[in-house]
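Written below as structure tokens is the structure these notes are about.
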Amino acid sequence: MEVQGTPPESREEARWDPLALELQALRTSAGDPSFAEIARRVSEQRLARGASEHAARVARTTVYDAFRTGRARVNLELVRDIGTALGGSHADVDAWVARCRSPRSPEPAPEPASEPASETQPQAVESPVPPTGAREAVLLLAACLAVNLLGRVFVDFLHLPIHLDMVGTAIAAIALGPWRGAAVGAATNVVGALLSGPASIPFAIVNVAGALAWGYGVRRFGLGRTLPRFLALNVMVAGLCTLLAVPILVGLYGGSAGNGQDTITTTFLALTHQLTVSVGFSNLLVSLADKLFSGFVALVVISTLPVGLRLGSRLVLSAPPPTR
């Protein structure tokens, strides 16, 4: 698990600050999980590789130290495990280490005789991946909120049987992390009250739940790595949103969604004579169309974002960083 040609620990001061900064950026893009949570993920990875329970255990303080600048030495095996736990890859860590070493390290690469002929040594990076800055993240969040609000205005104006107020939620949740997506979702319904009245506020829980499902589904469970998995994730998001929306629609608004969905509900009501069942079927149909559209638009948009704004997203259409 060591970087080729690099010992697990190096005592050269200041050299490893860029590596710590890359880890900090990766943690931010993964939704700022706690150090205890990162330690838990690292332990799970080691257990999955066959390590003993004792060898797999890593302390929260040890993980914290890996993110500090000014280190005189680092454990590169741990850094690799942390990078993987946050959605990065061994190649990312290799590139960061190469950048740390190349400005100061004149020593030659290891002798090729000790390595298999088919393997190549890590090369210095010519185009480093910039970490996600706070300014860029805030701008993306604001853009996601604007996309949601524009979608709502469009639907209200045309009375469409769809919502279109979660495209930005999906983008933020997958690119920046589930809780940042949740913030966009909640803000959409609160600010949306200025556009379509306070009736939108109770549905903030639906938008938040969709963000958490998209964010954790892609970033933690890898449901964005293939198109079939991503399709299934969007279907699950649609079902979850329906489960939360139907009680609100029936309990607070008599089953009326205030848009084209009401026409579908009326059709089902004529067949079933059951309000809750009719609202459930109509909302599920609308939600499926809405979440499939929102999810796949987000997939395409995120694949075009700068690498620093989508670290950890692990999407099937996301090109690898152009750093090697």
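The values are calculated or read from the model by the stated rules, or taken from the named source; none is laboratory data. As the structure is a computational prediction, the values presented were derived from the model and not from experiment. As a convention, Cβ positions derive from the backbone with ideal geometry for all residues, glycine included, and neighbour counts pool all protein chains shown.
Details
- Taking the range 161-200 as the range and being over 21 Å from the mean Cα position of the chain (by Cα) and aliphatic (A, V, I, L, M) as the test, the residues that pass are ILE162, VAL190, VAL191, ALA193, LEU194, LEU195, ALA199.
- Checked against the criteria, ASN283 does not count as in contact (Cβ under 8 Å) with a residue 60 or more places away in the chain and in contact with a helix residue (DSSP H, G or I) (Cβ under 7 Å, 6 or more places away or on another chain).
- Odd one out for ALA56 among (1) at pLDDT 85 or above; (2) over 19 Å from GLY88 (Cβ atoms): (1)
- Here the range 258-303 is the region considered, the condition is being in a loop (DSSP other than H, G, I, E, B) and on the phi < 0 side of the Ramachandran plot, and the residue that is surrounded by the most Cβ atoms within 10 Å (Cβ to Cβ) is ASN259.
- Enumeration of residues in the range 202-222 that are among the aliphatic types (A, V, I, L, M) and more than 12 Å from ALA173 (Cβ to Cβ): ALA204, ILE205, VAL206
- Scanning the range 207-249 for residues that are within 16 Å of ARG310 (Cβ to Cβ) and among the charged types (D, E, K, R) gives ARG219, ARG220, ARG225.
- Selection from the range 64-95 of residues that are over 10 Å from LEU23 (Cβ atoms), aliphatic (A, V, I, L, M) and part of a helix (DSSP H, G or I): LEU76, LEU78, ALA85, ALA91, ALA95
- Within the range 38-63, the set of residues being assigned to a helix (DSSP H, G or I) and farther than 21 Å from LEU21 by Cα comprises ARG40, SER43, GLU44, GLN45, ARG46, LEU47, ALA48, GLU53, HIS54, ALA55, ALA56.
- Residues of the range 186-199 classified as without any contact (Cβ under 8 Å) to a residue 12 or more places away in the chain and within 17 Å of ALA146 (Cβ to Cβ), total: 2
- Restricted to the range 127-210, the set of helices (runs of 4 or more DSSP H) holding at least 1 residues that are among the hydroxyl-bearing types (Ser, Thr, Tyr) and either at positive phi or modelled with pLDDT of 95 or more (or both) comprises 167-176, 178-196.
- Complete set of residues in the range 30-64 that are touching a residue at least 12 places away in the same chain (Cβ under 8 Å), surrounded by 14 or more Cβ atoms within 10 Å (Cβ to Cβ) and of a type in the set (A, V, I, L, M, F, W, C): ALA30, PHE35, ILE38, ALA39, VAL42, ALA56, VAL58, VAL63
- Reported count of residues in the range 218-244, each being on the phi < 0 side of the Ramachandran plot, small (Gly, Ala, Ser) and surrounded by fewer than 17 Cβ atoms within 10 Å (Cβ to Cβ), is 2.
- GLY197 satisfies every condition listed in (1) under 17 Å from PHE293 (Cβ atoms); (2) surrounded by fewer than 23 Cβ atoms within 10 Å (Cβ to Cβ) except (1).
- The condition of being small (Gly, Ala, Ser), farther than 30 Å from LEU26 by Cα and modelled with pLDDT of 95 or more holds for only one of ALA270, ALA245, ALA257, ALA238, that being ALA245.
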